[in-house]
1. Restricting attention to segment 93-102, report how many residues are of a type in the set (Gly, Ala, Ser) and surrounded by fewer than 18 Cβ atoms within 10 Å (Cβ to Cβ).
2. Identify, from the list 31, 57, the residue that is out of contact with any His (no Cβ under 6 Å at 6 or more places or on another chain), under 19 Å from residue 107 (Cβ atoms), part of a helix (DSSP H, G or I) and modelled with pLDDT of 95 or more.
3. Quick one: what pairs do we get from segment 39-54, first residue under 16 Å from residue 9 (Cα atoms), second among the hydroxyl-bearing types (Ser, Thr, Tyr), C-beta under 6 Å, 6+ apart or different chains?
4. In segment 75-95, is there at least one residue being more than 12 Å from the chain's Cα centre (by Cα), in contact (Cβ under 8 Å) with a residue 60 or more places away in the chain and over 21 Å from residue 125 (Cβ atoms)?
5. Against the definition (in a strand (DSSP E or B) and among the β-branched types (Val, Ile, Thr)), how does residue 40 come out, yes or no?
6. Between a first residue in segment 98-118 that is touching a residue at least 12 places away in the same chain (Cβ under 8 Å) and farther than 17 Å from residue 21 by Cα and a second residue that is polar (S, T, N, Q) and part of a helix (DSSP H, G or I), which pairs have beta carbons less than 7 Å apart while being 6 or more apart in sequence or on different chains?
7. Report the residue count in segment 68-92 for those that are surrounded by 15 or more Cβ atoms within 10 Å (Cβ to Cβ) and either hydroxyl-bearing (Ser, Thr, Tyr) or over 19 Å from residue 104 (Cβ atoms) (or both).
8. Can you find, within segment 103-125, the residue that is surrounded by the most Cβ atoms within 10 Å (Cβ to Cβ) among those that are under 17 Å from residue 32 (Cα atoms) and of a type in the set (A, V, I, L, M)?
Amino acid sequence: MIALDASALLAYMFREAGHEIVAEKIGESCISAVNLSEVISRFARDGHNSWSVLNQITQSAVETVPFLAEDAALAAALVPTARPLGLSLGGRACLALGLSRKIPVYTADRIWEQLTVEVSIQVIR
């Protein structure tokens, strides 16, 4: 199992650089509801119906994981490490998912390579 950052799922959906890496793991992937919102927001920004995009993603093999109070605390605990590198709540939500499930996280954001966290980070491009 892997955790997808919004950037990784978007790369997959738009067939951008690195999408092949995500495609190999899509059947064993999950995404935080926070990151799912980021993905849907990207499509809504371009005029797509949010509910249609949500339906498309939930019909796929990607598991959507609720963002609970415990996840909020874990994401908040990452602020001192992640904030100086510019990671938003979305990035920290993905890392929190990886940490809580003890699974690798996949992202398209190279800056994540500079993080010192107890989770494997796979940068897809």
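The values are calculated or read from the model by the stated rules, or taken from the named source; none is laboratory data. Everything numeric here is computed off the predicted structure, so don't read it as measured data. Note: ideal-geometry Cβ built from the backbone for every residue, glycine included; neighbour counts use all protein chains shown.
1. Taking segment 93-102 and keeping what is of a type in the set (Gly, Ala, Ser), we get 93, 96, 98, 100.
Pick out the ones that are also surrounded by fewer than 18 Cβ atoms within 10 Å (Cβ to Cβ) and you get 100.
Of the residues in segment 93-102, 1 are of a type in the set (Gly, Ala, Ser) and surrounded by fewer than 18 Cβ atoms within 10 Å (Cβ to Cβ).
2. Details: 31 fails: part of a helix (DSSP H, G or I).
The match here is 57.
3. Once the first residue is under 16 Å from residue 9 (Cα atoms) and sits in segment 39-54, its partners that are among the hydroxyl-bearing types (Ser, Thr, Tyr) give 40/50; 44/50.
4. No, segment 75-95 has no match at all.
5. Values: in a strand (DSSP E or B): no; among the β-branched types (Val, Ile, Thr): yes.
For residue 40, the condition - in a strand (DSSP E or B) and among the β-branched types (Val, Ile, Thr) - is not met.
6. Within 7 Å, the pairs are 115/81; 116/81; 117/81.
7. Taking segment 68-92 first, the residues surrounded by 15 or more Cβ atoms within 10 Å (Cβ to Cβ) are 71-72, 74-75, 78, 81-82, 87, 89-92.
Adding the requirement that they be either hydroxyl-bearing (Ser, Thr, Tyr) or over 19 Å from residue 104 (Cβ atoms) (or both) leaves 72, 81, 89.
Qualifying residue count for the region: 3.
8. Ranking the candidates gives 105 first.
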